[in-house]
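What follows is a set of notes on a single structure, which appears directly below.
The values are calculated or read from the model by the stated rules, or taken from the named source; none is laboratory data. All values derive from a computational prediction rather than experimental measurement. Please note: Cβ atoms are built from the backbone with ideal geometry, for glycine as well, and neighbour counts cover all protein chains shown. Surface accessibility is based on the protein's heavy atoms, side chains included, excluding ligands, DNA and RNA. Shrake-Rupley method; radii C 1.70, N 1.55, O 1.52, S 1.80 Å.
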Amino acid sequence: MAKYKLFLLRHGEGAWNIENRFCSWVDQKLSEDGLEEARECGRLLKAQGYHFDQVFTSLLSRSVHTAWLVLEAMGHEWVPVVKSWRLNERHYGALIGLNRAEMALNHGEAQVKVWRRSYDVTPPPIDESHPYFFEIYNDRRYSSCDVPKEDLPRSESLKEVLDRLLPYWENVIVPEIKKGQTVLISAHGNSCRALLKHIEGISDADIVGVTLPTGIPILLELDEDLRPVRPRQLLGDQDKIQAAIKKVEDQGKAKQKDK
Ligand SMILES: O=C(O)[C@@H](COP(=O)(O)O)OP(=O)(O)O
């Protein structure tokens, strides 16, 4: 018997999702389609009769805007939205800004899949020579985190994402759920994958096969120990959802960048 409902959401399509570049901690905005995906997600949730008491987002605009648009479309703008770097996208280190298809051409599709989907492989770290280093670390949003700026990640495996996310999940989000609050977590492909791995007990090997589309709400029905009582449900048109998952998987296929 389900005691709690929890919703996870990867933000709507971002500008660098279209350009097929690793976006990670770079603060790209939602694309026009991404804005519409977020609104559509809110309309769908409203039509299905859901509501939220608390929303959690990362510090990145694309997840915050998605949450706002979902709440606006539901007519529930008053719902509190709480933000933390601990829900940020995985830090892709030196890969940030690079085009996945070009990377697949240069390093092979298998290597790109390892970088994108493996559990414990950490990409090379970002350093000061990287074009986005100062844009990320000089940003004021990282001045008031619960760790000093110097201790923020420079690159992360999915395992390292889970390590920094778990304290927030356990100490901040779980108590809200256990109070009976219906929670939406509006985050990112890999921060949601890390949380799914933890909640569903997905093995290190099987998490490689989990890819999340943009703008599709994932409903988890949980028992009193926050263990799933039935498989996760991706809400919406199932053919479109499968096509959207394939689109994300295909981003790692070798292809020369369009001139
Ligand atoms: O960092 C990014 O570019 C994508 C994930 O990339 P992949 O792991 O799918 O390559 O994150 P998101 O769009 O969810 O914020």
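Whose amide H sits under 5 Å from the amide H of TRP25, counting only residues 5 or more places off or on another chain, with H placed in the peptide plane?
TYR92
Beta carbons within 10 angstrom, averaged per residue: use that to sort the peptides 59-65, 39-45, highest first.
Values: 59-65: 23.0, 39-45: 20.3.
Going from most to least packed, we get 59-65, 39-45.
Using only the alpha-carbon atoms, how far is helix 189-200 inclined from the longest principal axis of the chain? Give it as 0 to 90 degrees, nearest 10.
Value to nearest ten degrees: 50.
Let a ≥ b ≥ c be the square roots of the eigenvalues of the Cα gyration tensor of the stretch 125-259; is it rounded (a/c under 1.5), or, if not, prolate (a/b larger than b/c) or oblate? Please list the in-between numbers first.
Details: a/c = 2.04, a/b = 1.13, b/c = 1.80.
Oblate, because a/c is 1.5 or more while a/b does not exceed b/c.
Taking only Cα atoms and a 10 Å spring cutoff, compute GNM fluctuations for the chain and point out the largest among GLU249, GLU89, GLU77.
The residue with the greatest mean-square fluctuation here is GLU77.
For the stretch 220-234, in order, what is each residue's ³J(HN,Hα) by Karplus, 6.51 cos²θ - 1.76 cosθ + 1.60 with θ = phi - 60°, in whole Hz (x at glycine and Pro)?
10, 9, 10, 8, 5, 9, 6, 9, x, 9, 8, x, 4, 10, 8
Using DSSP to define loop residues, name the GluC sites (Glu not before Pro) in the stretch 119-199 whose beta-carbon has at most 10 other beta-carbon atoms within 10 Å. Write out the running numbers ahead of the final one.
On the way: sites: GLU128, GLU135, GLU150, GLU156, GLU160, GLU170, GLU176; in loops: GLU128, GLU156.
Passing sites in the stretch 119-199 are GLU128.
How tilted is helix 158-168 with respect to the longest principal axis of the chain? Cα atoms for both, answer in degrees (0 to 90, nearest 10).
40 degrees
Can you give the accessible area of LYS5 in Å² (nearest 10), computed on protein heavy atoms with a 1.4 Å probe?
80 Å²
Once phi is turned into ³J(HN,Hα) by the Karplus curve 6.51 cos²θ - 1.76 cosθ + 1.60 with θ = phi - 60°, what whole-Hz value does each residue of the stretch 23-35 show in order, with x for glycine and proline?
9, 6, 8, 7, 8, 6, 7, 5, 6, 4, 5, x, 4
Among rounded, prolate and oblate, which fits the stretch 4-250 when a ≥ b ≥ c are the square roots of the eigenvalues of its C-alpha gyration tensor, a/c under 1.5 means rounded, and a/b larger than b/c means prolate? The partial results should precede the final answer.
Working: a/c = 1.42, a/b = 1.32, b/c = 1.08.
It is rounded, given that a/c, with a ≥ b ≥ c, falls under 1.5.
Relative to the Cα centre, what is the charge dipole magnitude of the chain, using +1 at the beta carbon of each Lys and Arg, -1 at the beta carbon of each Asp and Glu, and rounding to the nearest 20 debye?
Working: 36 positive and 39 negative charges, 61 e Å.
Magnitude of the dipole: close to 300 debye.
Which residues' amide hydrogens lie under 5 Å from the amide hydrogen of VAL82, considering only partners 5 or more residues apart or on another chain, with H built in the peptide plane?
Long-range HN contacts for VAL82: VAL55, PHE56, THR57.
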